[in-house]
2 protein chains.
Amino acid sequence: MKVVVGSPGTWSGLLLRTGQCVFAGASIGVMVSALGFSNYTAFCYLIASMGLQVLWSLGLACLDVYALKIKRDLHNPVLVSLFVVGDWVTATLSLAAACSSAGVTVLFARDVHFCRTIPQFSCGRFEISVAFAFVTWLLISLSSLVMFWLLASV
Amino acid sequence: MKVVVGSPGTWSGLLLRTGQCVFAGASIGVMVSALGFSNYTAFCYLIASMGLQVLWSLGLACLDVYALKIKRDLHNPVLVSLFVVGDWVTATLSLAAACSSAGVTVLFARDVHFCRTIPQFSCGRFEISVAFAFVTWLLISLSSLVMFWLLASV
């Protein structure tokens, strides 16, 4: 199995996983601080999906640290298959959460003009949280592509 | 290059492409027939994205028919790379469109109860159109996976 940038058990892989955790955590933090987010299903789903992303990425980051510490090779077909499935599932869920929240945010900002007419509505925070969710999706999709490439090139 | 189910220039590939065209076209048709869809950015984006999907899948379906007719092999790394990029881009756009429209539809149906309180609101059609968009995404993601697998296993 080839070793490419972002492979499991490498420094670049650890960096990718840490980035995913940080941005997913930031997305949750900003959304939770927005007033009345819990009235909207899409925003609750964003928090659930980003929470799952944090758990998954944190687990794999710990595994990367362990592999780097004891210099263990994680390029084993069974392990990589597991990473591929997990990465694809969380990447799809993250994109779905980011897009559904973006759809609702655009509705509030552009279609019904809630952001202009109701000043106490936390539009800015919704937008920042959605932006962080999209960055998380970009990072996890990068990991997914690397994993799938590794698996397919066995 | 291996030939797997759904490869370009095969009967299964042609069936997949036809399915994508049919469901994307149905999604557009149902959305266009819904009253007042054009007031919402997410629904307009769904139509644009499904339109692009119809064009892309129709083009590749024609290529499949041509390849089947003259018994030409389309398993060439340059062609497959082109298919991979196109498939991944349209699959991501389709999922984004389906999810953003689903977010807005769920908001109308569950969060603000427009569907119950405003009977002339075409909630049912929005839901059917979104469901067709998700089926389109499932079919195009299947094609994308097959293409990526073909490319990676060269």
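For A:Ser38, the requirement of being more than 17 Å from the chain's Cα centre (by Cα) and in a helix (DSSP H, G or I) is met. Among the numbered conditions (1) more than 9 Å from chain B (Cβ to nearest Cβ); (2) in contact with a Lys or Arg (Cβ under 8 Å, 6 or more places away or on another chain), the only one that A:Ser153 does not meet is (1). A:Leu55 satisfies every condition listed in (1) in a helix (DSSP H, G or I); (2) in contact (Cβ under 8 Å) with a residue 12 or more places away in the chain; (3) not basic (Lys, Arg) except (2).
Which members of region B:94-104 meet the condition of being in contact (Cβ under 8 Å) with a residue 40 or more places away in the chain and either facing chain A (nearest Cβ under 10 Å) or under 17 Å from A:Phe108 (Cα atoms) (or both)? Step through it out loud before you land on a result.
Within region B:94-104, the first condition is being in contact (Cβ under 8 Å) with a residue 40 or more places away in the chain, and the residues that meet it are B:94-98, B:100-101, B:103-104.
Within region B:94-104, B:Leu95, B:Ala96, B:Ala97, B:Ala98, B:Ser100, B:Ser101, B:Gly103, B:Val104 meet the criteria.
Given the condition more than 27 Å from A:Val130 (Cβ to Cβ), out of contact with any Lys or Arg (no Cβ under 7 Å at 6 or more places or on another chain) and among the aliphatic types (A, V, I, L, M), answer yes or no: does some residue in region B:27-36 qualify? Within region B:27-36 (the criterion being more than 27 Å from A:Val130 (Cβ to Cβ), out of contact with any Lys or Arg (no Cβ under 7 Å at 6 or more places or on another chain) and among the aliphatic types (A, V, I, L, M)), the answer is yes, since at least one residue qualifies.
If you go through region A:128-141 one residue at a time, do you hit one that is within 25 Å of A:Ser49 (Cα to Cα), more than 14 Å from the chain's Cα centre (by Cα) and away from chain B (no Cβ under 11 Å)?
First, the residues of region A:128-141 that are within 25 Å of A:Ser49 (Cα to Cα): A:128-141.
Now restrict to residues that are more than 14 Å from the chain's Cα centre (by Cα): A:128.
Filter once more, so that each one left must be away from chain B (no Cβ under 11 Å): A:128.
Yes, some residue in region A:128-141 is within 25 Å of A:Ser49 (Cα to Cα), more than 14 Å from the chain's Cα centre (by Cα) and away from chain B (no Cβ under 11 Å).
Would a scan of region A:64-72 turn up a residue that is under 27 Å from A:Gly9 (Cβ atoms), assigned to a helix (DSSP H, G or I), open to solvent by less than 60 Å² (accessible area, probe 1.4 Å) and of a type in the set (A, V, I, L, M, F, W, C)? Even if it seems obvious, please write down each step before you answer.
Here is the first cut: in region A:64-72, the ones under 27 Å from A:Gly9 (Cβ atoms) are A:64-72.
Then keep just the ones that are assigned to a helix (DSSP H, G or I); that gives A:64-69.
Restricting the remaining residues to those that are open to solvent by less than 60 Å² (accessible area, probe 1.4 Å) gives A:64, A:67-68.
Pick out the ones that are also of a type in the set (A, V, I, L, M, F, W, C) and you get A:67-68.
Taking every residue of region A:64-72 in turn, at least one turns out to be under 27 Å from A:Gly9 (Cβ atoms), assigned to a helix (DSSP H, G or I), open to solvent by less than 60 Å² (accessible area, probe 1.4 Å) and of a type in the set (A, V, I, L, M, F, W, C).
With respect to (1) free of Cβ contacts under 8 Å to residues at least 60 places away in the same chain; (2) surrounded by fewer than 21 Cβ atoms within 10 Å (Cβ to Cβ); (3) more than 17 Å from B:Leu138 (Cβ to Cβ), the lone exception for B:Leu15 is condition (3). Can you find, within region A:82-131, the residue that is nearest to B:Phe43 (Cα to Cα) among those that are part of a helix (DSSP H, G or I) and of a type in the set (Phe, Trp, Tyr)? The extreme case among them is A:Phe108.
Within region A:78-89, the set of residues being open to solvent by 10 Å² or more (accessible area, probe 1.4 Å) and more than 14 Å from every other protein chain (Cβ to nearest Cβ) comprises A:Val78, A:Leu79, A:Leu82, A:Gly86.
Note on region B:93-141: residues that are farther than 29 Å from A:Ser38 by Cβ and open to solvent by 10 Å² or more (accessible area, probe 1.4 Å) total 7. When A:Trp56 is tested against (1) modelled with pLDDT of 95 or more; (2) within 14 Å of chain B (Cβ to nearest Cβ), exactly one condition is not met: (2).
The values are calculated or read from the model by the stated rules, or taken from the named source; none is laboratory data. Source: prediction; values computed, not measured. All Cβ positions, glycine included, derive from the backbone under ideal geometry; neighbour counts span all protein chains shown. The protein model used for the area step is the full one, side chains on, heavy atoms only, and it has no ligands, DNA or RNA in it. Shrake-Rupley method; radii C 1.70, N 1.55, O 1.52, S 1.80 Å.
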